[in-house]
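Worksheet: one structure, shown below.
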Amino acid sequence: EKGGWPSFMAKEIAEEPDAVANTLRGRIQDGAAVIPELSDLDELLTGIDRITIIACGTASYAGQVGAYAIEKWARIPVEVELSHEFRYRDPVITPSTLVVSISQSGETMDTLMAVKYAKDAGAKTLSICNTQGATIPRESDGAVYTHAGPEVAVASTKAFVAQITALYLFGLHLARLRGTLTSAQQAANLDELADIPGKLERVLESSDSVAQLARWMSDTRAVLFLGRHVGFPIALEGALKLKELAYIHAEGFAAGELKHGPIALIEAGQPVFVVVPSPRGSDEMHKKVVSNIQEIRARGARVLAIAEEGDAAVLPFADEVVRIPLAAPLFEPLLAVIPLQVFAMELAAAKGLDVDQPRNLAKSVTVE
Ligand code: BG6
């Protein structure tokens, strides 16, 4: 079933371009995002004034990425919370709150219980799910399926990029309904989205050099990950993958937070992955991340930068640069996450670990 791949995870990473393409299929019509499953919910979706995204693990990082785009495009406040935290803190829920759950399996008990809680409290509920007919979408007012195909490896990869894709489509669907983006803006963002599968193919071509890096680093004891804006949840996801698969202590930080604490961890030889935002988005943000790189380098960090093609500013300070193709800044997470997935998988493999079935973890956690 692995189709010649050494693991399901390797196979599923290779399937990421298809996961995105299949999730987009039939949902772009004349330059607008139209999600047919939501056609009965126009009134509900124009009436909401707040969105809370709930999820666990990797799905929660997809939610964090999606929140930036939905808020920017649909001009609606979006918060993201872990399902188990949401449910036990007496959150403010009104009939105009939309609770969007994200779950690959659609069976995660923490998320299911949070959805039921939100429904009982009067919220509207929407499920983003990869498993047709699973419990969470059945419990929800609406469902948008990701079409990543079955994901077997415990660590989520292709479902993650499909979840971000579905959230972006949903953000553009909302922007159309609510009139917050012009037709030209909607079409431009959808063009970016449609270009992602091809760009993912190109990112996958650099997997060998990332694998090489992982093999060199197989006795590393701790790795830090820095990112800013949409790169921040990618840093968190990179760290989660390394913990899950390679049992290495890993932490993700918002790059701006570095000087407020984490910089104290930097000592000679400490590997730090930095997700560098495009200079074509916010030049200021790019400069700030480059200066973070200089600060940690001056303290001896080994800097592993993930930066877009042509970004020369990182070259003098980075020990390794993994290149990703140019994309509009909001779309970079879809590309930048791949090298981090590959890195964690290859490092685990180099340590002789079971990549598909890490110790103590289950694909779908059906207890609270
Ligand atoms: C965890 C899995 O237990 O559940 C993660 O190990 C996953 O990979 C998380 O991200 C959430 O699962 P689901 O099915 O709700 O997306």
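If I ask for residues that are surrounded by fewer than 16 Cβ atoms within 10 Å (Cβ to Cβ) and either charged (D, E, K, R) or in contact (Cβ under 8 Å) with a residue 24 or more places away in the chain (or both), which ones from region 264-285 would you list?
Glu267, Ala268, Gly269, Arg280, Ser282, Asp283, Glu284, listed by residue number.
From (1) within 30 Å of Pro197 (Cα to Cα); (2) outside any helix (DSSP H, G or I), pick out the condition that doesn't hold for Pro95.
Exception for Pro95: condition (1).
Would you pick out the residues in region 95-108 that are within 21 Å of the chain's Cα centre (by Cα) and either within 8 Å of the ligand (Cβ to nearest atom) or open to solvent by 10 Å² or more (accessible area, probe 1.4 Å) (or both)?
Once the filter is applied, which keeps residues that are within 21 Å of the chain's Cα centre (by Cα) and either within 8 Å of the ligand (Cβ to nearest atom) or open to solvent by 10 Å² or more (accessible area, probe 1.4 Å) (or both), region 95-108 yields Ile102, Ser103, Gln104, Ser105, Gly106, Glu107, Thr108.
Going by the structure shown, is Leu181 touching a Phe, Trp or Tyr at 6+ places or on another chain (Cβ under 7 Å), more than 16 Å from the ligand (Cβ to nearest atom) and open to solvent by 20 Å² or more (accessible area, probe 1.4 Å)?
Taking the combined requirement at face value, the residue satisfies it.
Condition first: within 12 Å of the ligand (Cβ to nearest atom) and within 20 Å of Ala162 (Cα to Cα). Now tell me which residues in region 345-364 satisfy that.
Answer for region 345-364, where residues must be within 12 Å of the ligand (Cβ to nearest atom) and within 20 Å of Ala162 (Cα to Cα): Asp356, Lys363, Ser364.
Which of the following residues is aliphatic (A, V, I, L, M), outside any helix (DSSP H, G or I) and in contact (Cβ under 8 Å) with a residue 24 or more places away in the chain: Val144, Val210?
Only one candidate qualifies: Val144.
Go through (1) within 16 Å of the ligand (Cβ to nearest atom); (2) open to solvent by 10 Å² or more (accessible area, probe 1.4 Å); (3) not in a loop (DSSP other than H, G, I, E, B) and name the single condition Pro333 misses.
It is condition (2) that Pro333 fails.
I'm told Gln132 meets every condition in (1) at pLDDT 95 or above; (2) within 19 Å of the chain's Cα centre (by Cα) except one. Can you identify the failing condition by its number?
Every condition holds for Gln132 apart from (2).
Considering each residue of region 19-45, count those that are assigned to a helix (DSSP H, G or I), in contact with a helix residue (DSSP H, G or I) (Cβ under 7 Å, 6 or more places away or on another chain) and either at pLDDT 95 or above or hydrophobic (A, V, I, L, M, F, W, C) (or both), and give that number.
Adding up the residues that qualify gives 7.
If we scan region 339-347, do we find a residue that is open to solvent by 20 Å² or more (accessible area, probe 1.4 Å), within 21 Å of Glu205 (Cβ to Cβ), acidic (Asp, Glu) and not in a helix (DSSP H, G or I)?
No, region 339-347 contains no residue that is open to solvent by 20 Å² or more (accessible area, probe 1.4 Å), within 21 Å of Glu205 (Cβ to Cβ), acidic (Asp, Glu) and not in a helix (DSSP H, G or I).
Can you find, within region 116-167, the residue that is least open to solvent (accessible area, probe 1.4 Å) among those that are of a type in the set (Phe, Trp, Tyr) and within 15 Å of the ligand (Cβ to nearest atom)?
Step by step, filter region 116-167, then rank; the result is Phe160.
Residue pairs, Cβ under 7 Å, 6 or more apart or interchain, first in region 237-261 and farther than 23 Å from Asp219 by Cβ, second among the hydroxyl-bearing types (Ser, Thr, Tyr) and modelled with pLDDT of 95 or more. List them.
Here the result reads Glu237/Thr58; Glu237/Tyr61, each pair linking region 237-261 to a residue that is among the hydroxyl-bearing types (Ser, Thr, Tyr) and modelled with pLDDT of 95 or more.
Return the only residue of Leu112, Leu174 being touching a residue at least 24 places away in the same chain (Cβ under 8 Å), away from the ligand (no atom under 16 Å from the Cβ), in a helix (DSSP H, G or I) and open to solvent by less than 30 Å² (accessible area, probe 1.4 Å).
Leu174
The values are calculated or read from the model by the stated rules, or taken from the named source; none is laboratory data. Bear in mind that the values here come from a model prediction, so they are computed numbers and not experimental data. Methodologically, a virtual Cβ is constructed for each residue, glycine included, from the backbone with ideal geometry; neighbour enumeration extends over all protein chains shown. Surface areas here come from the heavy atoms of the whole protein model, side chains and all, with no ligands, DNA or RNA. Shrake-Rupley method; radii C 1.70, N 1.55, O 1.52, S 1.80 Å.
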